[in-house]
1. Quick check: pseudo-label points 7 Å beyond the Cα along Cα→Cβ at PHE100 and GLN31, how many nm apart are they?
2. What trypsin sites (Lys or Arg not before Pro) in region 90-124 are in a loop by DSSP, with at most 12 other Cβ atoms within 10 Å of the Cβ?
3. With the crude spin-label approximation of a point 7 Å out along Cα→Cβ, what separation in nm comes out for ARG313 versus ASP202?
4. In terms of Cα to Cα distance under 23 Å, which lysines are near enough to LYS342, apart from those fewer than 8 places away along the same chain?
5. So what are the ³J(HN,Hα) numbers for region 353-368, from phi and the Karplus equation (6.51, -1.76, 1.60; θ = phi - 60°), rounded to whole Hz, Gly and Pro as x?
6. Can you show me the helix-derived [θ] at 222 nm for the chain, built from DSSP H runs with n ≥ 4 at -39,500 (n - 2.57) apiece and divided by the number of residues, rounded to the nearest 500.
7. Report the residue, chosen from VAL68, VAL125, VAL226, that carries the largest GNM mean-square fluctuation when the chain is represented by alpha-carbon nodes joined by springs under 10 Å.
8. Using Cα positions and a limit of under 23 Å, work out the lysines in reach of LYS264, with same-chain residues fewer than 8 apart set aside.
Amino acid sequence: MTKKILLSIGWIGISLLTQAQQRVTLQELIQGAERHYPLIRQKEALLESGRTTDKLLDASLIPTVSLVGQGTYQSEVTAFSIPGFSGIPSPKKDNYNIGFDLHFPLTEFGVVRSKKEVEEARTDVGLKQLDVELQRLRERVTNIAGNILMQQENEKILVIRQTELANQKKKIAVAVSNGAMLKSNQLVFESEILNTEEKIIDVEATIQGLTQELTLLTGQEIGPKVEILLQPEPVLQNGINRPELKLFNAQIKVLEYQKISFRKENLPKLAIFGQGNYGRPGYNFLNNDFRLYGIAGLSLNWNINNFIIQKGRIQLYDINQKMIEAQKETFDMNLQVTLTQKETEIKKYDSFLSKDEEIVNKRKEILSAFASQLENGVITSTEYLTELNSTNAAELGQALHKIQKTIAQTQYNLLAGN
């Protein structure tokens, strides 16, 4: 039993150590989320649907062969009575025939080819829509990862603050016990330590929630101690490669192919047809014998009504195309505005970081002086805590600005579609 307990403790220790040392890059998180995303399975379904539609369109070019048959009984038939002629047979009241009808279109090849182009374009639209969803997923994972990193930095600062407060409390406790300081100074530190512990609990809960969200999105266990590695100083990419713009182009392409297909569908249709039957009376209704008979020829069909409304249908396609082009221009304009804002944000963090190091160093010097004054009873605990808060805020600001700049650079490239 003791051995089993030791082994269990060992496995738990290894598990906790592995979790504490978990390291993953942002790109790995994004790739994991893409693989795990349920909608990704729609890609193969779209491609299979396109292939099936293509086969069905090819099948429409195969000559149509129908088996037909009927048996009828008439209450009366035509009777012939010509003076001076006898023996002219009258048709039978019961008639039967069975045979095949053949229809082979000669002008549908161009129509089918156009329909194939339309279906291929529609499949491409579906794939582009999937790319748009994946782009949103990438942006979501990036934002979550950035929030985790900022919360982790916040937690580090709070832990350092907690340690500093505990050390100062010990010194104050000694002074209080010696009668050099009032008990209220010690209580101030004890209260602030409790407040800091509460903040740490709040930050840990936030990190836990964010890592659980990443776990669900990526399908891999992400612990709260995860170390997310960002590409240091990612280079801002030139050019726009957004999937939304590709989607707009694909939708316009569908409309173009639909116009071509509609025009071809309204052209006159020429076909070969044929009928072969066995029965009676056949085409010679005076012959009452069962026999083979048939007919073959060419047929021409032109739906004039469709030709008349063609202009209106084409105008509708043109209107829809203009609407999509307007949406594309609007998206592009908003994207340019967002990219400009992100560039301004990156420059802002550059300005912050150029000052942060100097601010933190000066704050630490001041805090060190305040610590000496507190030990000598020159200042109160409240005054020391005020300076400690300012120092912690400066350190946190510096750490967050570094992360925020890297995240902003990563987001810029994602916004550009790179």
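Computed from the coordinates by the stated procedures, all read-outs in this text should not be read as laboratory data. All of these numbers come straight from a predicted model, not from anything done at the bench. When we count neighbours, we look across all protein chains shown, and the Cβ atoms used for this are built from the backbone with ideal geometry, even at glycine.
1. Result: 5.8 nm between the two label points.
2. Values: sites: LYS92, LYS93, ARG113, LYS115, LYS116, ARG122; in loops: LYS92, LYS93.
For trypsin sites (Lys or Arg not before Pro) across region 90-124 that sit outside H, G, I, E and B with at most 12 neighbouring Cβ atoms in 10 Å, the list reads LYS93.
3. Reported label-point gap for ARG313 and ASP202 is 6.4 nm.
4. Candidates past the 8-residue exclusion: LYS246, LYS328, LYS355, LYS402, LYS405.
5. 5, 5, 9, 4, 4, 5, 4, 4, 4, 5, 5, 5, 4, 5, 4, 4
6. Details: 8 runs with 283 residues, N = 418.
Dividing the helical sum by the residues of the chain leaves -25000 deg cm²/dmol.
7. Sorting by GNM fluctuation, first place goes to VAL68.
8. By straight Cα distance, LYS264 reaches LYS55, LYS115, LYS116, LYS253, LYS311, LYS322.
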